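Undergrad: One structure coming up, written as structure tokens, with questions to follow.
The values are calculated or read from the model by the stated rules, or taken from the named source; none is laboratory data. Given the structure is predicted, the values throughout are model-derived calculations rather than measurements. Here the Cβ positions follow ideal geometry from the backbone for every residue, glycine too, while neighbour counts run over all protein chains shown. Areas reflect the complete protein model, heavy atoms only, side chains present, ligands, DNA and RNA absent. Shrake-Rupley method; radii C 1.70, N 1.55, O 1.52, S 1.80 Å.
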Amino acid sequence: MRQVIEGMVAMIFIILLCVTGMDLLNVHMQAGQAKEFRNQVATAIVNSDYDETVMTECMNQAQALNYQLQIELYKRDGSHVSYGENPMDDKTEMVQILLTYKTKLPTLHTGWEQTISVMV
């Protein structure tokens, strides 16, 4: 009887480890998808020479994917503004893209937000 109970306890721990491992793989996949989207946004903005319609389209895509996208425009004089706060001009030198996404570990009833950024 003792061996049956020990076997059942071992199986419960193995199942718990497998489910938690699958959740961690899911979190890793979500992070990879967010990084890929961030890179696509950066490429699109740079290739369009900081075009306002491209930035608006990227913001709409981020909302559709349940991401929070913030675009900081850095000017030649060293100042910076967030996209959407002030009108665009041709003095933009660099762009910082901040992407915030939510991740969850359903097995552990845990979730959090992560922010990734890139400067182009």
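Undergrad: What is the calculated FRET efficiency for N39 to E72, with r their C-beta to C-beta distance and R₀ = 22 Å, to the nearest 0.05?
TA: For R0 = 22 Å, the calculated efficiency reads 0.85.
Undergrad: Normalising by the residue count of the chain, find the relative contact order in percent from Cα pairs under 8 Å and 6+ residues apart.
TA: 24 percent
Undergrad: Once Lys and Arg get +1 and Asp and Glu get -1 on their Cβ, which of Y50, G111, M8 lies farthest toward the positive end of the dipole of the chain?
TA: M8
Undergrad: Next question. Accessible area, 1.4 Å probe, largest first: how do M22, M59, M94 sort?
TA: M22, M94, M59
Undergrad: Applying 1/(1 + (r/R0)^6) with R0 = 25 Å to the Cβ-Cβ distance of A10 and L105, what FRET efficiency is obtained, to the nearest 0.05?
TA: Result of the calculation: an efficiency of 0.60.
Undergrad: For region 35-40, just list the computed ³J(HN,Hα) in residue order, Karplus coefficients 6.51, -1.76 and 1.60, θ = phi - 60°, integers in Hz, with x standing in for Gly and Pro.
TA: Going residue by residue, I get 5, 5, 5, 4, 5, 5 Hz, with x marking Gly and Pro.
Undergrad: Rounded to whole Å, give me the distance from the Cα center of region 43-98 to that of region 4-22.
TA: Each part reduced to its Cα centre gives a spacing of 48 Å.
Undergrad: Can you show me the helix-derived [θ] at 222 nm for the chain, built from DSSP H runs with n ≥ 4 at -39,500 (n - 2.57) apiece and divided by the number of residues, rounded to the nearest 500.
TA: The per-residue figure over the chain is -17500 deg cm²/dmol.
Undergrad: While we're looking at this one, here's another question. Excluding ligands, DNA and RNA, what is the solvent-accessible area per residue of the chain at a probe of 1.4 Å, expressed in Å²?
TA: 69 Å²
Undergrad: Treat every Asp and Glu Cβ in the chain as -1 and every Lys and Arg Cβ as +1, leave all other atoms uncharged, and give the resulting dipole magnitude about the Cα centre to the nearest 20 debye.
TA: The calculation lands at about 680 debye.
Undergrad: From the protein chains alone at 1.4 Å, what is the descending order of accessible area for D51, D23, D77, largest first?
TA: Order by accessible area, largest first: D77, D51, D23.
Undergrad: Now a separate question. How big is the accessible area of T107 in square angstrom, nearest 10, if you roll a 1.4 angstrom probe over the protein chains?
TA: 50 Å²
Undergrad: What is the local net charge at Y74, summed over the other residues whose Cβ is closer than 14 Å to its Cβ (Lys, Arg +1; Asp, Glu -1)?
TA: Around Y74, the charge tally is -3.
Undergrad: Any chance you could look up the accessible area of L25 with a 1.4 Å probe, heavy atoms only, rounded to 10 Å²?
TA: 120 Å²
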